[in-house]
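Trainee: Structure incoming, see below.
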């Protein structure tokens, strides 16, 4: 099953996405995951609804502003914006299928940034392409080979891949 998180992972590391598609979780004690959870829990406490869980989705924030429903995705940094955008587009697309029209915001509290995300035709094409590629990756029986990247040192799967 494609999820928002697996789309984010797919843009960072195919091996990580393959593992997540098989419900293998990263090391939850990984310091960067812990920091991310802390930033998530301590940021935007004034927003209306926090953490909505639906099939394939764990939405960080939802609030209303000026008659618009806004879906917020909190990130530690702007380092992986492509993946964060796909994750948020997935949420917006799934909500639209349920009759909820919303816009998105990638929220990066440490950098004081907010990046608007909308379901345009171009964005939907990008999302559907990524979903197709992730579904193809999921069909592969053997785990993709490990490939060292700058992300590896902060990844919750680092020990799994490199020990």
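The values are calculated or read from the model by the stated rules, or taken from the named source; none is laboratory data. These numbers come from a predicted model, not from an experiment. Counting neighbours? That spans all protein chains shown, and the Cβs are built from the backbone with ideal geometry, glycine included.
Trainee: Across region 150-163, which residue is modelled with the lowest pLDDT among those that are exposed (fewer than 11 other Cβ atoms within 10 Å of the Cβ) and in a loop (DSSP other than H, G, I, E, B)?
Mentor: It comes out as 163.
Trainee: Of the residues in region 121-142, how many are surrounded by 14 or more Cβ atoms within 10 Å (Cβ to Cβ) and either touching a residue at least 40 places away in the same chain (Cβ under 8 Å) or more than 23 Å from residue 89 (Cβ to Cβ) (or both)?
Mentor: The total comes to 8.
Trainee: Checking the condition within 12 Å of the chain's Cα centre (by Cα) and either under 22 Å from residue 130 (Cα atoms) or modelled with pLDDT under 95 (or both), which residue from 58, 47, 110, 97 passes?
Mentor: Of 58, 47, 110, 97, the one residue that is within 12 Å of the chain's Cα centre (by Cα) and either under 22 Å from residue 130 (Cα atoms) or modelled with pLDDT under 95 (or both) is 58.
Trainee: Starting from region 106-120, keep only residues that are more than 15 Å from residue 72 (Cβ to Cβ), then list their pairs with residues that are modelled with pLDDT of 95 or more and surrounded by 11 or more Cβ atoms within 10 Å (Cβ to Cβ) whose Cβ atoms are within a distance under 6 Å, requiring at least 6 positions of separation or different chains.
Mentor: These pairs meet every condition: 119/92.
Trainee: Look at residue 69 and say whether it is farther than 23 Å from residue 149 by Cβ and at pLDDT 95 or above.
Mentor: No, not satisfied.
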